[in-house]
Amino acid sequence: MDGTFRTDFQRNPASLKQHPALVLNADYRPLSYYPLSLWPWQEAVKAAWLDRVDIIAEYDEVVRSPSTVIRIPSVVVLKDYVKPQKRVAFTRFNLFLRDEFCCQYCGAKGDLTFDHVVPRAAGGVTSWQNVVAACSPCNLKKGSKSLRQCGLHLRKLPRPPAAEELRNMGRKFPPNHLHDSWMDFLYWDAELDA
């Protein structure tokens, strides 16, 4: 056998990698906005096959098995409602999302880290009320000094975000790619312009 035999029968998953499915809760809202609740096409097909979701919209592309041809789902809705979490986990990502991905001292975006407002060396704790997103230059400038000592001011006081507040904040940061079939489901609860 020549070397082309094997490649003739290999699938090309890279061509289907760019076909994620938007996952909606049973109330037709995305499970999360940021990160946007997406499944790889394989998970969406599996969930549909197991009758866990209803397919609302499909891509034009299909996948094949020896006995079945299935159009790739682009929007699926869960059959069972998943109750959103009330408590927001204290994670670096959620902290950056609360602070809208900008330094809480100078407003810069990018190259973010986090900073303890009351330094740990001075008894500051790692909590929602004491940690903010900061750019590297501001973080280095502040070091283990107080805000007064280094001349920095907070843009807003740090506090624990509510789960709904964080979900709404995530809507401000859409992913790089939004498929046309998703648009009716991403912003359907937004206030309409008059």
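The values are calculated or read from the model by the stated rules, or taken from the named source; none is laboratory data. What you are looking at is a predicted structure, and each value in this text was computed from that prediction instead of being measured. Note that we place each Cβ from the backbone using ideal geometry, even for glycine, and neighbour counts take in every protein chain shown. Keep in mind that these areas ignore ligands, DNA and RNA; they rest on the heavy atoms of the full protein, side chains included. Shrake-Rupley method; radii C 1.70, N 1.55, O 1.52, S 1.80 Å.
Worth pointing out:
- The slack in the chain from ASP184 to TYR81, taken as 0.36 nm per residue of separation less the alpha-carbon distance, amounts to 35.1 nm.
- Net lengthening on full extension, ASP111/VAL125 (0.36 nm per residue, minus Cα-Cα): 2.7 nm
- Average accessible surface for the stretch 15-58: 56 Å² per residue, computed with a 1.4 Å probe over protein heavy atoms with every protein chain in place.
- Note on the chain: GNM, Cα springs under 10 Å; of TRP182, TRP41, TRP49, the largest mean-square fluctuation is that of TRP49.
- On the chain, 54 percent of the accessible area sits on carbon and sulfur atoms, based on a 1.4 Å probe.
- Nearest-0.05 FRET efficiency for THR91 and ARG148, computed from C-beta distance (R0 22 Å): 0.15
- Amide hydrogen neighbours beyond the local backbone of TYR59, cut-off 5 Å, H modeled: ILE72, SER74
- Spatial separation of Cα centroids for the stretch 19-94 and the stretch 112-133, in angstrom: 37 Å
- Each helix, a run of at least 4 DSSP H residues, gives -39500 (n - 2.57); summed and divided by the residues of the chain, these come to -5500 deg cm²/dmol at 222 nm.
- Heavy atoms of VAL117 accessible to a 1.4 Å probe, total area in Å² rounded to 10: 20 Å²
- Pairs of Lys residues in the chain are counted when their Cα atoms are under 16 angstrom apart and they lie 8 or more places apart or on different chains; the count is 4.
- Selection from LEU78, PRO35, ALA21, by position along the positive dipole direction of the chain (Cβ): PRO35
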